[in-house]
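Contents: one structure, followed by commentary.
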Amino acid sequence: MSYTTSSSYLALTPSVGNRRLFTISFWLKRSGLDNNQIVVMGGATGFWIMLHSTNALYIRDYQSSAYQISLRTYRQFEDCTSWYHIVVAVDTAQATDTDRVKLYVNGVQETAFDVDTYPDQNHDTVWNTAVSHEIGRESGVSGDYFSGNLAHFANVDGTACAPTVFGETDSTTGEWKPILAPSVTWGDEGWWLKFENSGALGTDSSGNSNTFTVNGSVKQSISTPSNNFCTLDTNQSYSEYTTYAGTAILGTSTNARGANSTLMIKDGKWYAEFKVETDRTTSNGTTIGIYKNGTYASRVWINEGSTAIPGNETGSNGCEGVSYQPMTSTPNIIDAGGGGTVNYGSTASAGDIIMMAVDLSAATSKIWFGKNGTWFNAPGTSDVGVPNTGAYPGLSFAKGDDFWGVNVTAVCNAAGDTNKTLWCNFGEGRFGTTAVSSGNADDNGVGVFEYDVPAGFYAICTKNIKTYG
């Protein structure tokens, strides 16, 4: 399992294989939309599978100054919360042109296309030729990088496979899931990237030793199609400024950026960590917390200056609005939405890690914040918060009869300053490209965190939500 970041990609120059008969299969989870992103490409102007700026999927083979294959879906791939399984099966020897290139999404064939140029019979593509094959960017060009997660990436040389070779329907949930050990003849130039070795993510597991070279900051992630970890959702963001596969928010020098999480929680107990990049030179701050039924149930303000206090500002108006609120004489407040003046927390400086624990297991829910391994005192007291016992929270709020859940939310404000980043660790074990120094998991053995996860609290991921949420 891996994710790609700016200027990062995998590369392999293979020997010549079967150019007419092959299958490409992979799983992807998007974190950025509305721009061209190359998933995989063979040759600088060759065979492409890309996510178009319209968010459609595009399959192209370009030769002799013309597109020999050009298929663009009507379907738009805009979901940043879930995984897509993509299979492209090519057999240009087929008599019927529409049988020569087949696209499957989550096991179902796409048959209608906005653009639909099929290849001539027995056409030789650029795929499986002795040119650079690159995953995550346009081959030979520093641009159009993929943003998100990739898993189970395979190339089968000499066979047009059905999607059922690589995926199957879960008998309990009805969801399409990966087959972890597919039964397939890979062919001489086939390869299978499982991304199991964090130090060698390009390792080929097909037995052919067609190993890719890692370029840039491609990092391993423990989020998989079988256990999808929470990230930040580009579709629930301000100006779509999520980065690092949805695990960070970039605040610009002129605007705040913010986003809600991809996964909603409505029951159980949950834990996450956040880290701010550097000190600011202005009074602008950063906000984290939870978003409840359309209103902020709680957020914590981290303003990295001499008077910085975690808390909440008054008059919040969505993710972007908080950034334009100046520091007040009493900025260290936390509330249940709509403003408040309850003192809470202590100064946060550059590089501090803010902890958040949310208990939604009862009619009255609770939230705690802490810093660098120590939970803050309950507001107005000297009593340190104890999430695992439910004692001394920063805030309690009634879920109400109409409660349908909360999203984690994060806002980064760098207005009037240089660009800054707020890193989020929902259990994947890193802040951006930097791994946490500790290896603390929750009681279920899931997630990697810097500080101890309170007993009974869990990383926000689909496996835990199914069991505890």
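Each value in this text was obtained by applying a stated rule to the coordinates, not by laboratory testing. Just so we're clear, the structure is a prediction, and the values are computed from it rather than from any experiment. Positions of Cβ are backbone-derived with ideal geometry, glycine not excepted, and every protein chain shown enters the neighbour counts.
The simple spin-label model puts a point 7 Å past each Cα toward its Cβ; for Ser209 and Thr98 those points are separated by 4.5 nm. The lysines whose alpha-carbon is closer than 20 Å to the alpha-carbon of Lys219, local same-chain residues fewer than 8 away aside, are Lys29, Lys194, Lys275.
Among residues other than Asn208 with Cβ under 10 Å from its Cβ, the summed charge is -4 (Lys and Arg +1, Asp and Glu -1). Rounded, prolate or oblate: which fits the range 2-220, taking a ≥ b ≥ c as square roots of the Cα gyration tensor eigenvalues, rounded meaning a/c under 1.5, else prolate when a/b beats b/c? Rounded is the answer for the range 2-220, as its axis ratio a/c remains below 1.5.
With a sphere of radius 9 Å drawn around the Cβ of Gln121, what net charge do the other residues whose Cβ falls strictly inside it have (Lys, Arg +1; Asp, Glu -1)? So the surrounding residues net to -1. Ordered by the number of other Cβ atoms lying within 10 Å of each residue's own Cβ, fewest first, Met41, Met264, Met356 fall into the sequence Met264, Met356, Met41. Stretching Ala66 away from Asp116 to a fully extended chain increases their span by 16.6 nm, per 0.36 nm per residue minus the current alpha-carbon distance. Applying 1/(1 + (r/R0)^6) with R0 = 25 Å to the Cβ-Cβ distance of Asp34 and Asn419 gives a FRET efficiency near 0.80. The loop-placed GluC sites (Glu not before Pro) in the range 121-226, going by DSSP, that have at most 16 neighbouring Cβ atoms within 10 Å of their Cβ come out as Glu175, Glu196.
3J(HN,Hα) along the range 362-376: 10, 4, 9, 8, 9, 9, 10, 10, x, 9, 6, x, 10, 6, 5 Hz, from the Karplus curve 6.51 cos²θ - 1.76 cosθ + 1.60 with θ = phi - 60°, whole Hz, x for Gly and Pro.
Label sites at Ser396 and Glu175, each approximated as a point 7 angstrom past Cα along Cα to Cβ, lie 3.5 nm apart.
Within the shell defined by Cβ-Cβ distances under 13 Å, the residues around Val40 carry a net charge of -2, with Lys and Arg each +1 and Asp and Glu each -1. Peptide packing: for 47-58, 374-385, the average count of neighbouring Cβ atoms within 10 Å per residue gives the ranking 47-58, 374-385, highest mean first.
What shape does the range 1-77 have by the C-alpha gyration tensor, where a ≥ b ≥ c are the square roots of the eigenvalues, rounded means a/c under 1.5, and otherwise prolate means a/b greater than b/c and oblate the rest? Here the range 1-77 falls in the oblate category. Take the Cα of Thr433, step 7 Å toward its Cβ, do the same at Ala44, and the gap between the two points is 2.5 nm. Compute the Cα gyration tensor for the range 166-217, then decide on rounded, prolate or oblate, letting a ≥ b ≥ c be the square roots of its eigenvalues: rounded whenever a/c is under 1.5, prolate when a/b is larger than b/c in the other cases, and oblate in all that remain. The shape class here is oblate. If the reach is capped at under 19 angstrom between alpha carbons, list the lysines near Lys366, excluding any in the same chain fewer than eight residues apart. Those lysines meeting the cut-off are Lys266, Lys269, Lys292, Lys399.
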